[in-house]
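Worksheet: the structure to be examined is printed underneath.
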Amino acid sequence: MAFVILLVGLIIGVPVAFAILAALFYFMAVGEFPYHIRLVATQMYGGISSYPLLAIPLFILAGELMNESGITSRIIGFASVLVGRLRAGLALVNIWASVIFAGLSGSAVADTSAIGRVFIPEMEKRGYPRDFAAAITAASSVIGPIIPPSIPVIIYALSVSGVSVPAMFLAGVVPGILLAIFLSIYVMLFAGHYETKAHAGSRDSGASAGKSLLQGVIPLLMPVFVVGSILMGVVTPTEAASFAVAYALIVGLFIYGELKWSRLPIIFANAMRDSAVIMVVIGTVSAANWLLNYNRVPNMITDFALQYMSVKWMFLVAVIFLFLFVGLFLEGIAAMLVLVPILHPIAVSLGVDPTHFGILVIFNLMIGLITPPLGLCLFVADSIANVGLGPLIRRIFPLFLVEFAVLVIITFIPETVISLPKLLGAL
C-alpha cells in the first residue's frame, strides 16, 4: 500500500520528496512506531546533516556563477577552433561545447538552456532543421553530469555508497568523451548534408583563432584545479567546491567583467532554491532508507535477487533496463537515492566494482533526461526551439540509440570506466 501511495503521488505530479513522505507516514502509521513524526524528522535531519554534502550547494552556486559570467560564447569559440571546420561543423561544435561546459556546471539542464539559446537559432541559420538542432543540443547535454565536477557523482559517492569522490570524478571522464565521440560520428555521417558550403561559416584568422583558444582556456582551468586538488589530497570535495565558487567569482567579476554585482543576490537565491530541492529529496529518502533497513527490506531483496541472478552479466543487463525504465518517470537523483542502496550490495556481492557501478547508474539515469514522458532536457530544448515534443522525440530517438550503444560498451568493458582512476592512483 505504501508503494501504491508513492506511485500514485508521482503520477499525479506530487513532488518526489512529498510523495515519499506520504508513503513513509502510511508505512509507519500501520507499523510499530508510536512517535513516527519525530522519528522521520530526526532521520531527515540526519540525512542532510553532513559536512561533505555542503559540496552540493557550493557546486550549484559555482555553476550558476559561471553561467552568468559570459563563458558560453568563449566555450563556443574554443570548440569552433577545434572542430568547426569538419563536416557538420556546427553540430560538432554543439557537442564539444557541451563537453567543455560539463566541466563547469555539472548539470544537463543548465547545459541545454545555456548552449541551446545560442546554438538552436544559429544551426537553423546554417541549414539544420530546427528540431534536429534542439535534439542534438538535448542529447549532448547528457554529458554534463558525467564529466567532473558532477553533482550526481557527489550525491552518489557521499550519500549513497561511500565510494571515493576522486575515483568517481575520474571514472566519468572516458565515458563522457566516448559519448561525445559517438555523437560526433553520428552527426558527421547523417547530418553533414544539412550544413552546405553556402551555409558554412568562414574560417577564423590565425589571430582570431588564437584569441578564442586563449579565452577558452580560462574556464577549462576550473575543473582541472578542482579535480587535481582533490586527487593530490590538498583539499576535500567540499573545500574544492568552495574554491570553484571563488574561481567563478573572480573570472566573472574581474577577468571577463560580465558578471554584475547587482546580479549576485539573484544568482545566490537561484542556487539556494535548487539546492533546497535536492537536499529535501536527500533528507526524505534518507528517512525512507532507514525504515527499509530497519525492516531488512534490502536484505530480503538482495537474497531474492541472488537466487535468480547468480551471474554478473545478468545483473548488469537487469540494471540497465531497470534504470532506463525508472528514468522515464522519476527524476534521476531521486531514483538513484531510492534504488542504489538496495542494488549496491547485490552489485558488490557479484563482483561489480563500486565505482564502475556508480558511473553505470548515473549514465543510465542521465539518458532518462532525454526520454519521454518526463525528460527534463526535452522540455527545456522544446521551450527554446518551439517545435513540439512529437518532432523532437522523433529526432532524438536515433541519438538515444547512440547513447544506449555507449552505455552497453561501458557496462561490459569496465576498463573504459575504471582504467583512468587506476592509472592516477584513485582506485
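Computed from the coordinates by the stated procedures, all read-outs in this text should not be read as laboratory data. Just so we're clear, the structure is a prediction, and the values are computed from it rather than from any experiment. Quick reminder, even Gly has a Cβ in these numbers, built from the backbone with ideal geometry, and neighbours come from all protein chains shown.
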*Using the alpha carbon gyration tensor of region 291-427, what are the three equivalent-ellipsoid semi-axes (square root of 5 times each eigenvalue), largest first, in whole Å?*
29, 19, 13
*So, in Å, what gap is there between the alpha-carbon centers of region 352-381 and region 71-89?*
26
*Provide the FRET efficiency to the nearest 0.05 for the PHE18-PHE268 pair, computing r from the beta carbons and using R0 = 22 Å.*
0.30
*How compact and how long is region 57-105, expressed as Rg and Dmax of its alpha-carbon atoms in Å?*
12.0, 40
_Euclidean distance between Cα centres, region 131-187 to region 247-267, Å_ = 26
*Would you calculate a helix-derived [θ] at 222 nm for the chain, using -39,500 (n - 2.57) for each DSSP H run of n ≥ 4 and dividing by the full residue count, to the nearest 500?*
-24000 deg cm²/dmol
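To one decimal place, what Kirkwood hydrodynamic radius in Å is obtained for region 88-129 from all pairs of distinct Cα atoms? Show your work: numbers first, answer last.
On the way: mean 1/r = 0.0950 Å⁻¹.
That comes to 10.5 Å for region 88-129.
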*Quick one: SER164, SER208, fewest Cβ neighbours within 10 Å first, how do they rank?*
SER208, SER164
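Order of THR112, THR411, THR416, THR236 from fewest to most other C-beta atoms within 10 Å? Walk me through the numbers before you get to the answer.
Numbers: THR112 31, THR411 22, THR416 19, THR236 16.
Fewest-to-most Cβ neighbours within 10 Å comes out as THR236, THR416, THR411, THR112.
Taking a ≥ b ≥ c as the square roots of the eigenvalues of the Cα gyration tensor of the chain, is the shape rounded (a/c under 1.5), prolate (a/b larger than b/c) or oblate? All intermediate terms of the calculation are to be shown ahead of the outcome.
Working: a/c = 1.71, a/b = 1.51, b/c = 1.13.
Judged from the Cα gyration tensor, the chain comes out prolate (a/c at least 1.5, a/b above b/c).
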*asked:* Over all directions, how big on average is the projection of the convex hull of the alpha-carbon atoms in region 355-427, in square nanometres?
replied: 5.7
_For a quick check: sort SER349, SER419, SER150 by the number of other beta carbons within 10 angstrom, fewest at the front._
SER349, SER419, SER150
_Gaussian network model of the chain, springs between alpha carbon atoms under 10 Å - residue of ALA276, ALA97, ALA171 with greatest fluctuation_ = ALA276
*Using only the alpha-carbon atoms of region 119-166, report the extent along each of the three principal axes, biggest first, to the nearest angstrom.*
48, 15, 10
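In the chain, which whole DSSP H runs stretch at least 27 Å along their own axis (Cα) and average 1.0 or higher on the Kyte-Doolittle scale?
Details: long enough: 206-231 (36 Å, 1.48); 264-294 (44 Å, 1.19); 389-412 (33 Å, 1.91).
Span-like helices, by this rule, are 206-231, 264-294, 389-412.
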*Say each of PHE329 and LEU401 gets a label point 7 Å from the Cα, pointing the same way as Cα to Cβ; how far apart are those two points in nm?*
2.7
*For region 1-159, just say rounded, prolate or oblate: build the C-alpha gyration tensor, square-root its eigenvalues into a ≥ b ≥ c, call rounded for a/c under 1.5, and beyond that prolate if a/b exceeds b/c, oblate if not.*
prolate
